[in-house]
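The structure under discussion appears below in the form of structure tokens.
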There are 6 protein chains.
Amino acid sequence: MEIIMKILIINPNSDPKMTEAIAKTAREFAQDEYEVLCLPTPGAPEFIETYEDSSQSAPGMIRLLKENEKIYDGFIVACHSDPNLDVMKEITVKPVVGIGEASMKIASMLGHKFSVISDTIHSIPNKEDLARKYHLDKVLASVRAPLEKNEPDSEKTIYTEVARKAIEKDAAEVIVLGCAGLTGMDKPLQAAVGIPVLDGIICALIIVSGLIRYGVSTSKLRKYNPHAD
Amino acid sequence: MEIIMKILIINPNSDPKMTEAIAKTAREFAQDEYEVLCLPTPGAPEFIETYEDSSQSAPGMIRLLKENEKIYDGFIVACHSDPNLDVMKEITVKPVVGIGEASMKIASMLGHKFSVISDTIHSIPNKEDLARKYHLDKVLASVRAPLEKNEPDSEKTIYTEVARKAIEKDAAEVIVLGCAGLTGMDKPLQAAVGIPVLDGIICALIIVSGLIRYGVSTSKLRKYNPHAD
Amino acid sequence: MEIIMKILIINPNSDPKMTEAIAKTAREFAQDEYEVLCLPTPGAPEFIETYEDSSQSAPGMIRLLKENEKIYDGFIVACHSDPNLDVMKEITVKPVVGIGEASMKIASMLGHKFSVISDTIHSIPNKEDLARKYHLDKVLASVRAPLEKNEPDSEKTIYTEVARKAIEKDAAEVIVLGCAGLTGMDKPLQAAVGIPVLDGIICALIIVSGLIRYGVSTSKLRKYNPHAD
Amino acid sequence: MEIIMKILIINPNSDPKMTEAIAKTAREFAQDEYEVLCLPTPGAPEFIETYEDSSQSAPGMIRLLKENEKIYDGFIVACHSDPNLDVMKEITVKPVVGIGEASMKIASMLGHKFSVISDTIHSIPNKEDLARKYHLDKVLASVRAPLEKNEPDSEKTIYTEVARKAIEKDAAEVIVLGCAGLTGMDKPLQAAVGIPVLDGIICALIIVSGLIRYGVSTSKLRKYNPHAD
Amino acid sequence: MEIIMKILIINPNSDPKMTEAIAKTAREFAQDEYEVLCLPTPGAPEFIETYEDSSQSAPGMIRLLKENEKIYDGFIVACHSDPNLDVMKEITVKPVVGIGEASMKIASMLGHKFSVISDTIHSIPNKEDLARKYHLDKVLASVRAPLEKNEPDSEKTIYTEVARKAIEKDAAEVIVLGCAGLTGMDKPLQAAVGIPVLDGIICALIIVSGLIRYGVSTSKLRKYNPHAD
Amino acid sequence: MEIIMKILIINPNSDPKMTEAIAKTAREFAQDEYEVLCLPTPGAPEFIETYEDSSQSAPGMIRLLKENEKIYDGFIVACHSDPNLDVMKEITVKPVVGIGEASMKIASMLGHKFSVISDTIHSIPNKEDLARKYHLDKVLASVRAPLEKNEPDSEKTIYTEVARKAIEKDAAEVIVLGCAGLTGMDKPLQAAVGIPVLDGIICALIIVSGLIRYGVSTSKLRKYNPHAD
């Protein structure tokens, strides 16, 4: 009897609606190949936007991972700014993947440069820092967000326009959805703009399920060694 | 009835023994999840080491891919220097992954810095160029190869020593096998040195099978557009 | 009547001994020019070494800053890995300086390259990441730590040897003390090795007292804006 | 009896009006904490704009520093392109700070990216080179100058417009005054645009007075060693 | 009796018209100082635009060089994307220069930043990759191409407009012709825009004739050693 | 009647012996193709090692160039640290080439990485800065100098040993002579170590004579425009 692998997606915020949207995307991609669950972070804010939001979600994320470490084979951090990802990698011997890192690394393999489509202008510096952290600043065409949030247009119309600008003005050849809350918009957007559009949740599932199957995880030599030597 | 995905691994050289070793690694990893075949490149040299070797393998690789494009869902280039990978990505709408890019991108997610363990001193500049091409030069701890090739020791002993030096002298936290011919040495080496050791063949399978399942492929906007506009 | 400026040094750990050592260094440097107080972080670990340590000190650091925001004119984060510095800068309109950033930025003005002398081998990747975050990786000669921690020699002897190696092998022209716990060792070490040795606590005092006097603080335009727009 | 520290500001040009403006800014900031004097450079051009201007100011600057070395505790080079700063650092054991380096290093601690507001289009390549010399090219949002110099508007109106463009088009979060001649415009501009505006003269005073008080100066190991070994 | 040096220009495509245009430019520059011949590549496409085009021209280029190695003193690859240049350098002990590398390296010595004027939008990613390969990405102001190819204007008018945009919008101080097919347009364009305009064919002749005269060629230590060790 | 081109080599120091050695190298390379003269700089130090040395040679270099501008077609600055090269490029419309930039740019075309062989340990930071100025820091294998200057061995023996270390320890594939005073040692060293060894004087002659013949010179758009706009 085959033992199926189990993946836990940690949604760093506490919004049940976003948690369910992430779970839906993940289940549809996983099909029967592996079990996947998404949990919101207890004690976290409803939305992660500021540095303080990230800090506030850390204790709950750490607890979630530690309590579930034995049950699951691998973990995903499902906020595109990869909050507290380093500590997640540190505290477990099992593989952990962030949706920001997974989506941007895969994007860099599919075209010359990629743009991140984010939900707020506020997040642009954060996304630029993240791309630089992953050594991808030179292939980041741009980070773009809708100028006004309360536009009457549908979300799809708004983000199609943002993606089009990234393609036309910044020469992006791949689009990365820069917020877990945009999950589900990859295929409609891809159909509209004609270039690959990546949802980080799926990118992270690809990597983490592969690492689990491969029996490879985070190096514990030094950077992610939880014990100071 | 489910249609299982099919992946073709293109071995850029013409060595049947290495082709079979690659195929064995791939089949064991794929199990029943997808079909995977490895073919040697007609007209290619027995081993790819020089720039001329890469050029000589190009016509056969192009032909292999074009002849098999409709049959397979995705392709892997299985030489760690990723020869002719850009042209492979250009001439098909289906996803293509190089074992060099896949292994180094995944390595960068597992630790502070990684070292590539290669088979010849000659290949060091090439590997350094490759890491830089993928914007990973700053996380490349080193490229190392055995100093003398005809040592009486077993391959495992030789490469364990090389990996140990990378860990001790260059602070590598992850090891990447820098030659398809080293396939199968990942787990023994990982057991010996205690940090993750990556075989690019498996890393590429992880990425390409994920892309196929996701329905995402190379952007055809400009860089990999086969038609000059 | 002149109103003297007041600076709060937040020690991210909870060790009273280290808190007092930091306070002593700060008071001696401040003399009568400004008031300076150092507080340990409630709920924080005794020593900050891992990513989890940093996360655990965040809630206490945030609370300390918020509770004291009105009383003090500026703040210092006194752990050389600058834990939670971005959130500190975000949640107050008053200037906040990390001892890591201040010491490395000043070091870069005093010589060709600098080395960070740290207390543990474990912290080397973290320090390298920090230097890169501040765009100083190209002028970082090295990060060095004593190989064995329980050496019978005095601390001064041990770190003099470490600094000498940084000078001789890595061509460091300036030494940065890479741990708040090394405070007080700057002048003895400088006397021993003959090149500038910087204590981040003093470097941060120089910057933050200057910013206060100048009436300049963190930009609230976007990156450190606590309100997502 | 306390001995008060004395700082000499070397204005690399020979313009008495600019010299007095610099002195005024410095005295107001120094208050009674330290003595500060600003001298024009004998034999220098009236304004430093070209490479030849910099070369022509070198002999006078060297003489000024050497003649005053014993009297003063530290020195500032008060032209934002930091002309001849390396030679100034080399020829004295006392600390020397350039207003270009001080302002840009401090700017990098206050926000995501900064823009330099310069007086001439001609100086843009020079400022870009300077930012790169200090490893700050990646956090330089832009260098901007008024397009036409003889506009009828007031200087404040002109530079407010330039700063606004830097904020809106280049996402600058901090503004650096790129010419000593703009001294005094920091606070009005900051009031107008709502983000930090830095005058290099004050930034350099912060650093150099701190270094003097700390008893730290330029490393004489190699780069700034006046004696070739 | 002096033996005059002989240079072979390999045109990587098979277009006789472009071959003759290149030859004309070369002969006029060489005058009587050295002999220079330009040959089209047998079996190559008529125009090199895609990765596949480059691969297809490799066998012919290798054959051309090998057959002529003894007769000529040095070689030029005369397509601005420097196709197969590494293999050309590898297979001969005589100097080989690409028109892309020569023109961009010389451009970097003549001004702050340079722009490459290319013939197709499609080639922009390729040119950006090439500039990065030669470590010139930071001095590449832009790559620009005419937006529409079938404009009724003359070629000179079209490219003058492209160059003007590079100067005005991207601050280019030097223009590089980004296609061998543009040969002959350097002087008219330079007259029109008033800054240096470089034809790679002439730049490569300068370098390769100099290397021949100097008796220096490609290092055969490792990267360009045709024998794997 | 053909008018032969005339090149002036400006030796930034005042040493007649080094001036003659440079002139000899240049004449032998130029043969009858062009006239070349080398002049020492009036008022300059005997040897350029420190920043002050460079400053002191500036007035004489400027005068030399201005007095000879009409007579010569191009100029070379013949000290490997390229002192005052930017001002030289600025003050004339004729081409000016530094031996540092010419040798390092050409070295980067001949192999994977190059090492600069310098005469003093003191000059290492300066050479590293220079390589970075020319965007060549990533292909600089190392800068090396003899550890002790008064060794009894011959100069050739000493520098052969230094070059060997650069090859063996730093993987240099090309050697650059890092001091005009080493002129004449290129061919003996190349014979001894078996990889290309470049004398900057000859490299600069190759470039400047080519630029003159091509009718191309420094861009006067902005960076090297002697008139501030």
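Are there trypsin sites (Lys or Arg not before Pro) in the stretch E:79-184 that DSSP marks as loop and that have at most 15 other Cβ atoms within 10 Å, and which are they? Those that pass, being in a loop and sparsely packed, are E:Lys149.
Note on E:Asp153, E:Asp137, F:Asp119, D:Asp73: ascending count of other Cβ atoms within 10 Å places them as E:Asp153, E:Asp137, D:Asp73, F:Asp119, the fewest first.
In the stretch C:101-200, Cα pairs under 8 Å separated by at least six residues give a relative contact order of 34 percent.
Going from the residue with the fewest nearby Cβ atoms within 10 Å to the one with the most, E:Thr183, A:Thr41 rank E:Thr183, A:Thr41. Can you give the relative contact order of chain C as a percent, counting alpha carbon pairs under 8 Å and 6+ residues apart? Relative contact order comes out at 22 percent.
Where does the Debye-calculated log10 I(q)/I(0) of the stretch E:101-199 sit at q = 0.10 Å⁻¹, using only Cα point scatterers of equal weight, no solvent? Log10 I(q)/I(0), no solvent term: -0.22. Other residues lying with their Cβ under 11 Å from the Cβ of F:Ile62 contribute a combined charge of -2, Lys and Arg counting +1, Asp and Glu -1. Beyond 27 Å in Cα-Cα separation lie the following of the pairs A:Lys94/B:Lys187; A:Lys138/B:Lys113; B:Lys113/E:Lys220; B:Lys6/E:Lys127: B:Lys113/E:Lys220; B:Lys6/E:Lys127.
Computed from backbone phi, the HN-Hα couplings of the stretch F:176-185 come to 10, 6, x, 7, 4, x, 8, 3, x, 8 Hz, rounded to whole numbers (Karplus: 6.51 cos²θ - 1.76 cosθ + 1.60, θ = phi - 60°; Gly and Pro given as x). The same position B:Pro226 in the other copies lies at 3.2, 5.1, 5.8, 5.8, 7.0 nm from this copy, comparing label points 7 Å beyond Cα toward the beta-carbon, shortest first.
Distances between equivalent label points of C:Ala192 across the copies, with each point positioned 7 Å along Cα→Cβ, amount to 4.0, 4.0, 5.4, 6.4, 6.9 nm, shortest listed first. For chain C, the equivalent ellipsoid derived from the alpha-carbon gyration tensor has semi-axes of 28, 18, 18 Å in decreasing order. Here's how it looks for E:Ile9: its modeled amide H is under 5 Å from those of E:Leu37, E:Cys38, E:Leu39, E:Ile76, which are all 5 or more places away or on a different chain.
Within chain B, the longest segment free of exposed loop sites, counting GluC sites (Glu not before Pro) that fall outside DSSP classes H, G, I, E and B and have at most 16 other Cβ atoms within 10 Å, spans B:149-229. The other copies place their C:Arg63 label points at 1.5, 6.5, 7.4, 7.4, 8.0 nm from this one, listed shortest first, where each point is 7 Å from Cα along Cα→Cβ. In chain E, the beta carbon lying closest to the axis that superposes E onto A belongs to the residue given here with its whole-angstrom distance, E:Lys138, 6. The alpha carbon centroids of the stretch B:108-160 and the stretch D:67-140 are separated by 41 Å. Charged neighbours of B:Glu35, selected by a Cβ distance under 11 Å, balance to -1 (K, R count +1; D, E count -1). For the residue pairs A:Lys133/C:Lys66; A:Lys169/D:Lys133; A:Lys105/A:Lys156; B:Lys223/C:Lys133; D:Lys89/F:Lys133, the alpha carbons lie more than 22 Å apart in A:Lys133/C:Lys66; A:Lys169/D:Lys133; A:Lys105/A:Lys156; B:Lys223/C:Lys133.
Between B:Val96 and B:Phe75, B:Thr218, the built amide H atoms are under 5 Å apart, and every one of these is 5 or more places off in sequence or on another chain. Within the listed set C:Pro40, C:Pro152, C:Pro59, the Gaussian network model of chain C (springs between alpha-carbon atoms below 10 Å) gives the highest mean-square fluctuation for C:Pro152.
Using the Karplus relation 6.51 cos²θ - 1.76 cosθ + 1.60 with θ = phi - 60°, the per-residue 3J(HN,Hα) values for the stretch E:85-98 come to 5, 5, 5, 4, 5, 6, 8, 9, 8, 8, x, 10, 10, x Hz, with x marking Gly and Pro. Among F:Ser154, A:Ser103, a tally of other beta-carbon atoms within 10 Å of each Cβ gives an order, fewest to most, of F:Ser154, A:Ser103.
Each Lys or Arg adds one and each Asp or Glu takes one away; over the other residues whose Cβ falls under 13 Å from the Cβ of D:Cys203, this sums to -1.
Kindly identify the stretch C:36-155 as rounded, prolate or oblate by the Cα gyration tensor criterion: order the square roots of the eigenvalues as a ≥ b ≥ c, call it rounded if a/c is under 1.5, otherwise compare a/b with b/c, prolate if a/b is larger, else oblate. It is oblate, given that a/c is not under 1.5 and a/b is not larger than b/c. Of the trypsin sites (Lys or Arg not before Pro) found in the stretch E:173-229, no site is in coil according to DSSP while having at most 14 other Cβ atoms within 10 Å of its Cβ. Who wins for biggest fluctuation among C:Gly181, C:Gly210, C:Gly74 in a Gaussian network model of chain C, springs between alpha carbons below 10 Å? Looking only at C:Gly181, C:Gly210, C:Gly74, the biggest GNM fluctuation is shown by C:Gly210.
Every read-out reported here was derived from the displayed coordinates using simple, explicitly stated rules and does not represent laboratory data. Because the structure is predicted, anything quoted here is derived from the model rather than measured. Because the Cβ atoms are built from the backbone with ideal geometry, glycine has one as well, and the counts that use them run over all protein chains shown.
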